[in-house]
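Enquirer: Attaching a single structure in structure tokens format; questions to follow.
The values are calculated or read from the model by the stated rules, or taken from the named source; none is laboratory data. These figures come from a predicted structure and were not determined experimentally. No Cβ is skipped: glycine too gets one built from the backbone with ideal geometry, and neighbour counts run over all protein chains shown. With ligands, DNA and RNA removed, areas are computed over all heavy atoms of the protein, side chains included. Shrake-Rupley method; radii C 1.70, N 1.55, O 1.52, S 1.80 Å.
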Amino acid sequence: MLPERYFDHAATTFLHPEVLAAMLPFLTTNGGNAHSLHSWGREAAGAVEHARTQVSEALGAEDPGQIFFTAGATEANNWLAHLWGSEWDFSPFEHSSLFEPAQALGAHMLENQGYQLETQNRRTSIMRVNNETGAVLDFPAIDELHSDLTQAVSNIPVSVAGLQFASVSAHKFGGPKGIGVLFARDPYALEPMLRGGDQEGGLRAGTLNVPGIVGMGAAIELAVRLQPQKQAHLIALRQAFFEGLGKHDRIRVNTPPHQSGHILSISFQGLVGETLVIEADQAGFAISSGAACSSRSTEPSHVLTALGLKPEWLQGTVRVSLGWSNSIESAHALGEFLKRRANALWNPESW
Ligand code: PMP
């Protein structure tokens, strides 16, 4: 399998070699518990605090004490949702790890016109970059705003300015899986999510995932440093892909033009996205029919439904998500492949 044909970077990315190098000592020579008093423990604790500073600086936080390590953005989003309970608003574009607890708690889903949201000045959660379409959502001026920044880091400039809370997951930008953070501007506003230990100021109990945390620190520092270069690469990939795909009145692009650039959502009228995903896989290309977390479900996407896509387009949607591993040639080849296969499926008699 060729990494340049891996077009599922929104589902996850592969570990960056520099990140692995940073993690390796904490997987091998020092496996100490960051809460132990001995020298192994103290060294691990030092590495954790260094990573907390790296994350804090990368996100533009005021203080590393505003960063709480979690097992990923899913946990961070659930933490926020349970903290806020029922009296808050959320956008219809949120990832299921925010959307589902929000609905279960009885929070209010905002109305939308396309990507425009009708917000009020009360607790609100709006993600930065949508994981299905790549749309970049604007932050309204709201006193208590949470944003899921998971798909934004490394792809667009990211900052917690204007936010009270934010969620991030390391594996979307070259870090390890199973580690993320909840940023809280006012840490005293938090209630413990997991009880039973004094880790993370007693707010998130459980032995710290030291290699994961160290990997996240290294990955976010690298991601932010390389973001401008990555953006240029994404623009070139995107252009090559669309040249390969061409235009067709039965192909519609759900991604707003000139936006984040790493996620492209394309609908093929009357086709089934999964068919194209499987055919692409047989040709060595990894793409997705939607969010990875729901790609095995047959429920229509709540995001595309909120955008008003009709069923004949909804079903035929694929997500192509670009990243460092892709080459310009492979992006062009994928566009051409999808065009060719869609034409074959639309005109079976001609094949
Ligand atoms: N939010 C968004 C926008 C995502 O894309 C994802 C990952 N698909 C998550 C949250 C959840 O991240 P994780 O699975 O790493 O907890």
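Enquirer: Taking Ser91 and the conditions (1) open to solvent by less than 10 Å² (accessible area, probe 1.4 Å); (2) in contact (Cβ under 8 Å) with a residue 60 or more places away in the chain, which numbered condition does it fall short on, given that it satisfies the others?
Expert: Here Ser91 meets the rest and fails (2).
Enquirer: In the range 159-172, what residues are within 13 Å of the ligand (Cβ to nearest atom) and surrounded by fewer than 24 Cβ atoms within 10 Å (Cβ to Cβ)?
Expert: Once the filter is applied, which keeps residues that are within 13 Å of the ligand (Cβ to nearest atom) and surrounded by fewer than 24 Cβ atoms within 10 Å (Cβ to Cβ), the range 159-172 yields only His171.
Enquirer: Please determine, by comparing only the residues of the range 110-130 that are assigned to a strand (DSSP E or B) and within 11 Å of Ser91 (Cβ to Cβ), which one is most open to solvent (accessible area, probe 1.4 Å).
Expert: Within the range 110-130, the match that is most open to solvent (accessible area, probe 1.4 Å) is Gln116.
Enquirer: Return the only residue of Ala152, Ala219 being aliphatic (A, V, I, L, M), within 13 Å of the ligand (Cβ to nearest atom) and not in a helix (DSSP H, G or I).
Expert: Being aliphatic (A, V, I, L, M), within 13 Å of the ligand (Cβ to nearest atom) and not in a helix (DSSP H, G or I) holds for just one of Ala152, Ala219, which is Ala152.
Enquirer: For Ile263, work out the one condition from (1) open to solvent by 80 Å² or more (accessible area, probe 1.4 Å); (2) modelled with pLDDT of 95 or more it doesn't fulfil.
Expert: (1) is the only condition that Ile263 fails.
Residue by residue, here is whether (1) hydroxyl-bearing (Ser, Thr, Tyr); (2) under 29 Å from Gly85 (Cα atoms); (3) not assigned by TED's automatic domain parsing to the domain that holds Ala76 holds:
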site: Ser154; (1), (2), (3): yes, no, no
site: Val181; (1), (2), (3): no, yes, no
site: Arg185; (1), (2), (3): no, yes, no
site: Met193; (1), (2), (3): no, yes, no
site: Gly206; (1), (2), (3): no, yes, no
site: Asn209; (1), (2), (3): no, yes, no
site: Ile220; (1), (2), (3): no, no, no
site: Gly246; (1), (2), (3): no, no, yes
site: Pro256; (1), (2), (3): no, no, yes
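Enquirer: Sticking with this structure for a sec: Just one of (1) away from the ligand (no atom under 16 Å from the Cβ); (2) within 20 Å of Ile156 (Cα to Cα) trips up His9, so point out which.
Expert: Single failed check for His9: (1).
Enquirer: Tell me, please, whether a residue that is over 21 Å from the mean Cα position of the chain (by Cα), among the hydrophobic types (A, V, I, L, M, F, W, C) and closer than 19 Å to Asn209 by Cβ can be found in the range 95-112.
Expert: no
Enquirer: Only residues that are at pLDDT below 95 and at positive phi: list them for the range 239-260, please.
Expert: Selection gives His258 alone.
Enquirer: Leu234 versus (1) under 27 Å from Val303 (Cα atoms); (2) in a loop (DSSP other than H, G, I, E, B): which is the lone unmet condition?
Expert: (2)
Enquirer: Looking at the range 292-344, which of the residues that are open to solvent by 50 Å² or more (accessible area, probe 1.4 Å) and of a type in the set (Val, Ile, Thr) is modelled with the lowest pLDDT?
Expert: Thr298
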